[in-house]
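**Student:** So that we are looking at the same thing, I have put the structure below in structure tokens.
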Amino acid sequence: MTTSNLTTLYIVRHGESEANVKISAGKIAAYEDFSNSPLTQKGKLQAEILTEKLKDVHFDAVFSSDLLRAKQTAEILVLEKNLSVKTTQAIRERYMGTDEKKWHENLASIQEEIRTLAEKEKMNFKFEDAETQEEAVTRLITFTREIAVAYSEKTVLIVCHGTIMRSFLIKLGFATFDELPSGAIENTGYVILESDGTDFFIKETQGIHKKEN
């Protein structure tokens, strides 16, 4: 394999959303739908700051999760690049079940139970009807491999979500669960990868905080 057939992938977490703020503050209401929360003003500013940072990067295509916070972030990032954002359910955030409120209310006990598991078992931890991390990351890996083949030797921007990105990096061997805990990826944090459609090579990370043992 030569480096000339590698696709460059920028995988970015969306900016701060209204749900991020409410969940962090513990203001969880049973009637709220966290799944399609919009960006806050801070989230929009974060995307604008990243836009300036990536202004000299030529993207050949832009893909986003179809959830609003990711789509809004992607649209800001390519506003001046004359590119349309293609959305897909394949890179949505991990599905937290029909009662997402229950997931967040039980998060501390869930995290404690996961800590007791062997490393290989953690990706397949199941909470009621929520998607496992293995199921979620399989979607992202399949999608990025398809993109790497379709856009060989080009540069592609992908905007998705923190939990699925975390699972992806763990799956690639970048870190263990303990080294990359929940919240380790900042809003608009990103990873730059190269891929031949099979393997992934991490080139750079920004806003991703790996704990040292």
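**Student:** Please enumerate the residues belonging to segment 118-166 that are among the hydroxyl-bearing types (Ser, Thr, Tyr) and in contact with a Pro (Cβ under 9 Å, 6 or more places away or on another chain). Steps first, please.
**Tutor:** From segment 118-166, those among the hydroxyl-bearing types (Ser, Thr, Tyr) are 132, 138, 142, 144, 151-152, 155, 163; that's our starting set.
None; the set is empty.
**Student:** Given (1) outside any helix (DSSP H, G or I); (2) touching a helix residue (DSSP H, G or I) at 6+ places or on another chain (Cβ under 7 Å); (3) surrounded by 14 or more Cβ atoms within 10 Å (Cβ to Cβ); (4) free of Cβ contacts under 8 Å to residues at least 60 places away in the same chain, where does residue 131 come up short, assuming only one miss?
**Tutor:** Failing condition for residue 131: (2).
**Student:** If only one of 146, 194, 204 is among the acidic types (Asp, Glu), surrounded by 15 or more Cβ atoms within 10 Å (Cβ to Cβ) and either in a helix (DSSP H, G or I) or at negative phi (or both), which one is it? Before the answer, list the steps.
**Tutor:** Numbers: 146 fails: surrounded by 15 or more Cβ atoms within 10 Å (Cβ to Cβ); 204 fails: surrounded by 15 or more Cβ atoms within 10 Å (Cβ to Cβ).
Of the residues listed, the single one that is among the acidic types (Asp, Glu), surrounded by 15 or more Cβ atoms within 10 Å (Cβ to Cβ) and either in a helix (DSSP H, G or I) or at negative phi (or both) is 194.
**Student:** Related question: Any chance segment 76-87 includes a residue that's touching a strand residue (DSSP E or B) at 6+ places or on another chain (Cβ under 7 Å) and farther than 27 Å from residue 198 by Cβ? Talk me through it step by step, then tell me what you get.
**Tutor:** In the first step, residues of segment 76-87 are kept if they are touching a strand residue (DSSP E or B) at 6+ places or on another chain (Cβ under 7 Å); the result is 77-78, 83, 85-87.
Still in the list and also farther than 27 Å from residue 198 by Cβ: 77-78.
Checked segment 76-87: at least one residue is touching a strand residue (DSSP E or B) at 6+ places or on another chain (Cβ under 7 Å) and farther than 27 Å from residue 198 by Cβ.
**Student:** With 93, 32 as the choices, which residue is touching a helix residue (DSSP H, G or I) at 6+ places or on another chain (Cβ under 9 Å) and at pLDDT below 90? I'd like the intermediate steps shown before the answer.
**Tutor:** Numbers: 93 fails: at pLDDT below 90.
Checking each option against the conditions leaves just 32.
**Student:** Here is a follow-up. What is the number of the single condition among (1) within 23 Å of residue 207 (Cα to Cα); (2) outside any helix (DSSP H, G or I); (3) out of contact with any helix residue (DSSP H, G or I) (no Cβ under 8 Å at 6 or more places or on another chain) that residue 75 does not meet?
**Tutor:** (2)
**Student:** Looking only at segment 170-182, which residues are assigned to a loop (DSSP other than H, G, I, E, B), surrounded by fewer than 19 Cβ atoms within 10 Å (Cβ to Cβ) and in contact (Cβ under 8 Å) with a residue 12 or more places away in the chain? Walk me through how you get there before you give the answer.
**Tutor:** Narrowing segment 170-182 to residues assigned to a loop (DSSP other than H, G, I, E, B): 172-182.
Those left that are additionally surrounded by fewer than 19 Cβ atoms within 10 Å (Cβ to Cβ): 172-176, 178-179, 181-182.
Answer for segment 170-182, where residues must be assigned to a loop (DSSP other than H, G, I, E, B), surrounded by fewer than 19 Cβ atoms within 10 Å (Cβ to Cβ) and in contact (Cβ under 8 Å) with a residue 12 or more places away in the chain: 172, 174, 175, 176, 178, 179, 181, 182.
**Student:** So for segment 38-59 (the condition being assigned to a helix (DSSP H, G or I) and modelled with pLDDT under 95), does at least one residue qualify?
**Tutor:** Among the residues of segment 38-59, not one is assigned to a helix (DSSP H, G or I) and modelled with pLDDT under 95, which makes the answer no.
**Student:** Any idea which residue in segment 43-76 is surrounded by the most Cβ atoms within 10 Å (Cβ to Cβ), counting only those that are among the aliphatic types (A, V, I, L, M) and farther than 15 Å from residue 190 by Cβ? Break it down into steps so the answer makes sense when it comes.
**Tutor:** Applying the first criterion (among the aliphatic types (A, V, I, L, M)) to segment 43-76 yields 45, 47, 49-50, 54, 57, 61-62, 67-68, 70, 74, 76.
Within this subset, residues satisfying the condition of being farther than 15 Å from residue 190 by Cβ are 45, 61, 67-68.
Details: 45: 15, 61: 17, 67: 22, 68: 18.
The selected residue is 67.
The rows are residues; the columns are (1) hydrophobic (A, V, I, L, M, F, W, C); (2) touching a strand residue (DSSP E or B) at 6+ places or on another chain (Cβ under 6 Å).
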{"position": "114", "(1), (2)": "yes, no"}
{"position": "122", "(1), (2)": "no, no"}
{"position": "135", "(1), (2)": "no, no"}
{"position": "143", "(1), (2)": "yes, no"}
{"position": "172", "(1), (2)": "yes, yes"}
{"position": "183", "(1), (2)": "no, no"}
{"position": "189", "(1), (2)": "no, yes"}
{"position": "196", "(1), (2)": "no, no"}
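**Student:** State the number of residues belonging to segment 149-165 that are in contact with a Phe, Trp or Tyr (Cβ under 9 Å, 6 or more places away or on another chain) and in a helix (DSSP H, G or I).
**Tutor:** So the first thing to find is which residues in segment 149-165 are in contact with a Phe, Trp or Tyr (Cβ under 9 Å, 6 or more places away or on another chain), and the list is 154-160, 165.
With in a helix (DSSP H, G or I) added as a condition, the list becomes 165.
Count: 1.
**Student:** Right, something else. Which residues, taken from segment 181-213, are within 13 Å of the chain's Cα centre (by Cα) and among the hydrophobic types (A, V, I, L, M, F, W, C)?
**Tutor:** Those that are within 13 Å of the chain's Cα centre (by Cα) and among the hydrophobic types (A, V, I, L, M, F, W, C): 184, 185, 191, 192, 208.
The values are calculated or read from the model by the stated rules, or taken from the named source; none is laboratory data. Since this is a predicted model, take the numbers as computed values, not measurements. Counting neighbours? That spans all protein chains shown, and the Cβs are built from the backbone with ideal geometry, glycine included.
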